[in-house]
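Let me begin by presenting the structure, written as C-alpha cells, before commenting on it.
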Amino acid sequence: MRCEKTFLNPRTLGICYRRPSIKMEIPAKMQTILQQRNVSIVDTGIDHSSGHSVPGRISISVSILNYRRPTELQQALRSVLIQDHQPVDIVVIDNHSGPDLLPWVRQLASSYTLIELSENIGISARNLGIDASSGEIIVTLDNDVSFISPSALLEIAKAFDRHPEAGCVTFGVNDPSGKGRSTRDWCHPWTYDDTDQQDRQTTFISECACAFRRSVFDTVAPYWDELFINMEGADLALRMLDAGYEIWYTPTVEVQHSISAETRERGRDFYHNPRNLILLAYRDIPTSRLFTFLAPRLVVLACCSLIRGYFPRFMAGIRDGLNDMAHTREARRPVHETTMDRFNELRSHARSLPSRLYRHWKYVGRTYHQK
C-alpha cells in the first residue's frame, strides 16, 4: 500500500480563503504565501466583532483543523467563544470535507477565517492555519477537541508568562467523558498521576491540543509535509529542542477529546507510524543514535501489529519509509548531540519497553483498530 501523499503544489492545489468583513489587514508575509499557494480571498460579508484583543494582554489566535464532523466543529467553536480571554482571530481550515458537508462548515465558520482546501493535504493544513493566524500565541486544535473551562486561553497566556523559554505549551487532554486524562493521548515521558498538577517539561507535542509562540516559526520550520499524518509533533519537538526552545505540559489547561471514529480509517496507524518513524529518524537523529532510537520503537510497533493482525500494513510502512528516504535526502538535518542528550534526560522516566508495548496494545491498537 502506498501512502497517499499530497504536497502543496500551487499548480494543482485549489484553496479558497474566506475571511469576515471586519477591517483586518493581511500581513505582507501572508499575502505572499497565499499567492504562492494559489489562494483566492473571498469576502463573506459577515461582520465579526469578537476578534479584538484586550489591552495589556497577549494576543491569541485559535486555529482549528477540520475534516468532516460538523457537530464536533460546532462544539469546538462554542468552547472558544465562551473564553474569558477572547482570541484576536479564529481560523478554520477545512481539509476537504466534501461537497456534502462543506455548506455546513461554511455556515458554522461564517464569522471566522475559513480556508477551504480542494483536497485533503494532511498535516500541511495545520501549517496554513499557523500562516493565517495573527496572534502572538497560536492555539491549534482538531475539530473534535474542545476547551472544558472558559479560562483556558487565559491559562495558556499565564503558562507562557511562567515559562519565558517555552516555544510550545501542551494541554491536559481528557477522554470523551471529560472526567479523566485520555490514556490514548498521553505520550509524555512519565506515568500520569491525577494528583500531579504541576507544570513539567516534556518532549511530546500533542498536535491537536497545544499552543505555540508565533516567533518559534521564525527560526523553526513548521510541520513536515512529508509525514502527512502521525509523528509530525515528534519531529517538530526535536527541532524545537534543537533550536533552544522548551516544551511544557500545563495541566491547568484542559480539553476534551471526543475521539470521533467517523474519519479514522481502521488500522491506519499501523502503516503511518513505522513509515513516519523511519523518515523522522532519517531527518532528525544523528547517525550515532539511529539504532538506539529506532530499534525499540519499531519493536513495539511490530509486536502490536502482529497482535492486532495488521503486520502486512506494518511491513508496508517499513517499505515505503525506506523508499521515501530517497526523495527526502535534502531534508536530513540531524539535531545536535547535546539536543539528544537533553531529549534522553527529559525521557529518563519513560516507560520500559514491555510497559510501552502493553500501553500501545491496550490503548492505541484496541481503541480504533478492531476488525
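The values are calculated or read from the model by the stated rules, or taken from the named source; none is laboratory data. Small disclaimer: the values here were computed from a predicted structure and weren't measured. We place every Cβ from the backbone using ideal geometry, glycine too, and count neighbours over all the protein chains shown.
Computed values, structure above
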quantity: Whichever residue in region 163-178 is over 14 Å from V253 (Cα atoms) and over 19 Å from the mean Cα position of the chain (by Cα) and, among such residues, is modelled with the lowest pLDDT; calculated: S177
quantity: Residue within region 244-253 that is crowded, with 18+ Cβ neighbours inside 10 Å and in a loop (DSSP other than H, G, I, E, B) present; calculated: yes
quantity: Residue within region 194-210 that is over 19 Å from I138 (Cα atoms), acidic (D, E), crowded, with 21+ Cβ neighbours inside 10 Å and modelled with pLDDT under 95 present; calculated: no
quantity: Residue identified as assigned to a helix (DSSP H, G or I), over 15 Å from I278 (Cα atoms) and either out of contact with any strand residue (DSSP E or B) (no Cβ under 9 Å at 6 or more places or on another chain) or at pLDDT 90 or above (or both) among R342, R329, R319; calculated: R342
quantity: Selection within region 140-173 - in contact with an Asp or Glu (Cβ under 6 Å, 6 or more places away or on another chain) and among the polar types (S, T, N, Q); calculated: N143, S151
quantity: Options I93, I156, I148; residue that is in contact (Cβ under 8 Å) with a residue 24 or more places away in the chain, under 22 Å from W224 (Cα atoms) and aliphatic (A, V, I, L, M); calculated: I93
quantity: Count of region 189-207 residues which are part of a loop (DSSP other than H, G, I, E, B) and more than 15 Å from the chain's Cα centre (by Cα); calculated: 12
quantity: Residues satisfying the stated conditions in region 189-211, i.e. in contact (Cβ under 8 Å) with a residue 40 or more places away in the chain, out of contact with any Pro (no Cβ under 9 Å at 6 or more places or on another chain) and within 25 Å of G129 (Cα to Cα); calculated: I205, E207, C208, A209, C210, A211
quantity: Where L114 falls short, out of the listed (1) of a type in the set (A, V, I, L, M); (2) over 17 Å from the mean Cα position of the chain (by Cα); (3) more than 18 Å from P70 (Cα to Cα); calculated: (3)
quantity: Top-ranked residue of region 318-349 - restricted to ones that are small (G, A, S) and without any contact (Cβ under 8 Å) to a residue 60 or more places away in the chain, ranked as nearest to T203 (Cα to Cα); calculated: G321
quantity: Filtered residue count, region 208-243, keeping only those that are assigned to a helix (DSSP H, G or I) and either under 24 Å from I318 (Cβ atoms) or outside the structural domain of D196 (by TED's automatic domain parsing) (or both); calculated: 11
quantity: Flag for T367 being among the hydroxyl-bearing types (S, T, Y), part of a helix (DSSP H, G or I), at pLDDT 75 or above and out of contact with any Gly (no Cβ under 9 Å at 6 or more places or on another chain); calculated: no
